[in-house]
Amino acid sequence: EEEEEEEEEEEEGKVENERESNLESLDPDHLIRMPVNARLESKVDVSQLVLDLKSKGFQVRESSDPGRFVCNYLYFSSLALCCSRPNWRSLFVHIPVLEVSPLEEQVSFAKELIGCILKGVDREKAESRRERSA
């Protein structure tokens, strides 16, 4: 019985060590292998999304620059994943700091953003149905 407990502890240790080892070995340069000049675009109709949000009074603009380092990596990674998943969408939105845009405004914006995205998905589905029926 004591030997079994030691074996279990040893196995637990192996799993933990493997997890730590895997986390330590994560290197962003190796997670996504894309050509250096690869251009990935969101499947979300960003131009329409900006128009929808502006019509609701939000000061928004379209940008092709998610920033550097973490923001850029996260967005590029999510877009790369979407390439092989036709029903997946990715969007990156910079939200101003609270000093510029109070929390209430940010919450309101987030709700409207989600609503506009869903409206866009509905438009996309309707267009796809029209294309299939034609």
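The values are calculated or read from the model by the stated rules, or taken from the named source; none is laboratory data. Since this is a predicted model, take the numbers as computed values, not measurements. For neighbour counting, all protein chains shown are included, and Cβ atoms are generated from backbone atoms with ideal geometry for every residue, glycine included. Areas reflect the complete protein model, heavy atoms only, side chains present, ligands, DNA and RNA absent. Shrake-Rupley method; radii C 1.70, N 1.55, O 1.52, S 1.80 Å.
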>> Can you go through 17, 37 and tell me which one is modelled with pLDDT under 85, open to solvent by 100 Å² or more (accessible area, probe 1.4 Å), polar (S, T, N, Q) and at negative phi?
In response: 37
>> Within the stretch 94-134, take every residue that is exposed (fewer than 12 other Cβ atoms within 10 Å of the Cβ) and part of a loop (DSSP other than H, G, I, E, B) and give me the one that is farthest from the chain's Cα centre (by Cα).
In response: 134
> Could you say which residue among 68, 89 is more than 14 Å from the chain's Cα centre (by Cα) and either surrounded by fewer than 14 Cβ atoms within 10 Å (Cβ to Cβ) or in a loop (DSSP other than H, G, I, E, B) (or both)?
Replying inline: 68
